[in-house]
Amino acid sequence: MNVSKYLLAAASVFAFSTSTSLAQDAAVQTLFTNVNVFDGVNEALIENANVLVVDNLIAEVSIEPLAIANAQIIDGGGRTLMPGLIDAHVHMAITEPVADLRDNFDWMYWGAVSTIEAEKMLLRGFTSVRDAGGPAIGLQKAIDRGKAVGPRIYPSGPVISQTSGHGEHRHYTEPHPNFEGASPSFFNQHVEFLADGVPEVLRATREALRLGASQIKVMAGGGVSSSVDPLHTVQFLPEELEAAVKAAADWDTYVLVHVYNDESILRSIEAGVQSIDHAQLMTEVSAQAIKDADVWVVPFFSLLGLDAETVTKALGPLAAPKFLEVQGGARNQMRLLKEFGIEKVAFSTDIIGDPVALTKQNDEFKYRLEQWSSYEVLMQATSKAGELLALSGKLNPYPEGPLGVIVEGAYADILLVDGNPVEDAMVMTDYENNFDLIMKDGVIYKNTLE
């Protein structure tokens, strides 16, 4: 055997494998030039800036030219570069009417439809969402593993409800899933847990955490879509709410609650809840309590765009009056949040059960502009919502960097917007025409500039 030829061949193989490995490990670099940056925090844009993305993180934001070898260069043409949007209250898997999903479709249909809607949501500019209840953990895994396209998902897992609470969608003659010998439905295993008393609340909370929840969702007051709980009801006793809060805290995360009225809000705050969701029927009493406790409020105002006839047709004669009562409190809630100087307000939409309604997700900007400036609303949908997501602590599924900001080390979730949304956030409502580029985790999903 010719030893020199053998050594030469071996060296060639080693060199090829090494170069291939280095090529595979080479960082993917994207350089945005000629952009005006809204960083999610400051009202003043960083004009004529350059933003470098390396792999899935923002590496540099500079007003000086950046010479980066082998980078993909995207000339923003003076557009606004801003963080991807965050919706802090969605239900990714409840994309059609609850009764239909409960009675007429199996779990595979749920999964298929939610995957389709997840991609549409990303293309509306929402690169991160907090799922506020339902079987979205599997969807999150599919997206994170590259099997599906959609936003980052902070899942709450199944909601936790008392019997005859807002998370109660059984048929009237259906036995309680916790009764001995009962066979829990898909709903009661993956959408909503019924729990009464401290031991059951602890079990339900820990089960949601076992399944992969990054935070816990508790139904602490009456709701619209549920037929067995009037809006005025206060749900879960103080010790039950405290049990959920303590069990979540042991895992370094927090509880968000569905509430509308003062009594439910006050009880939740006293129990240690960190996120008060909805709250349209709040008064000065709970506004002051929210301010004093320095907790988050996550309201939605897109309901203001619906008239009584449409609501009655869609929800029926039982739920429609409840919806209209909540709708009637929405503008008063906006006024109270502004007058009391409550700054911890996150952007959310809570649109469920209707794919057509989901296409109106960005209309939330329009309604918030009735009380807040464009800059304030943009912060609610970016940096402030990012702060809220970070409350998940050690359970944060995306710990590499902050969300909702354009700074070095942040996730590369980026929009290029035609116009200046800081001056007029109405441009955010026409996402099809005004969002020229959408990037999530360093990957471009829409680019009309090519």
| query | If the cut-off is a Cα-Cα distance under 12 Å, which aspartates and glutamates reach LYS366, setting aside same-chain residues fewer than 8 apart in sequence? | reply | ASP424, ASP430
| Which of the listed residues, ALA112, VAL345, VAL201, is farthest toward the dipole's positive end in the chain, when Lys, Arg count +1 and Asp, Glu count -1 at the beta-carbon? | ALA112
| Listed residues TYR254, ILE153, GLY221: farthest to the positive end of the dipole of the stretch 85-395 (Cβ charges) | ILE153
| Ordering of 170-181, 430-441, 382-393 by packing [mean C-beta count within 10 Å, highest first] | 382-393, 430-441, 170-181
| message | Ratio of alpha-carbon Rg to the 2.2 N^0.38 Å globular estimate for the stretch 66-180, to two decimals, please. | response | 1.43
| Got a sec? Charge dipole of the chain, +1 on Cβ for Lys and Arg, -1 for Asp and Glu; which of ALA330, ALA182, PRO97 is way out at the positive end? | ALA182
| remark: Violations at 18 Å Cα threshold for listed pairs LYS120/LYS360; LYS291/LYS384; LYS291/LYS344; LYS120/LYS394; LYS147/LYS394; LYS291/LYS338 -> LYS120/LYS394; LYS147/LYS394
| request: Compute the Cα gyration tensor for the stretch 360-450, then decide on rounded, prolate or oblate, letting a ≥ b ≥ c be the square roots of its eigenvalues: rounded whenever a/c is under 1.5, prolate when a/b is larger than b/c in the other cases, and oblate in all that remain. | output: oblate
| request: Taking volume of the Cα convex hull per residue in Å³ as the quantity of interest, determine which of (i) 176; (ii) 145; (iii) 156 was computed from the displayed structure. | output: (i)
| task | Tell me what the chain gives for mean residue ellipticity at 222 nm when only DSSP H runs of n ≥ 4 count, each as -39,500 (n - 2.57), the sum divided by the residue total, rounded to 500 deg cm²/dmol. | result | -11000 deg cm²/dmol
| query | Hey, which aspartates and glutamates would be in cross-link range of LYS313, C-alpha to C-alpha under 17 Å, not counting anything within fewer than 8 residues on its own chain? | reply | GLU96, ASP100, GLU325, ASP354
| field | Only Lys, Arg (+1) and Asp, Glu (-1) charged, at Cβ; the stretch 398-444 dipole about Cα centre in debye | value | 160 debye
| Local charge sum around SER275 (other residues, Cβ-Cβ under 10 Å, Lys/Arg +1, Asp/Glu -1)? | +2
| remark: Contact order relative to length for the stretch 399-450, counting C-alpha pairs under 8 Å separated by 6 or more residues, stands in percent at 29 percent
| request: Would you list which aspartates and glutamates come within 12 Å of LYS440, measuring only between C-alpha atoms, while excluding same-chain residues fewer than 8 positions from it? | output: ASP55, GLU119, ASP144, ASP413
| task | Note down the magnitude of the dipole of the chain about its Cα centre, charges +1 on Lys and Arg C-beta and -1 on Asp and Glu C-beta and zero elsewhere, to the nearest 20 debye. | result | 900 debye
| remark: Taking the alpha-carbon centre of each part, the distance from the stretch 227-257 to the stretch 73-122 in Å is 27 Å
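Only the coordinates and a few stated rules stand behind these numbers; no lab work does. If you're wondering where the values come from, they're calculated on a predicted model, not measured in any experiment. Counting neighbours? That spans all protein chains shown, and the Cβs are built from the backbone with ideal geometry, glycine included.
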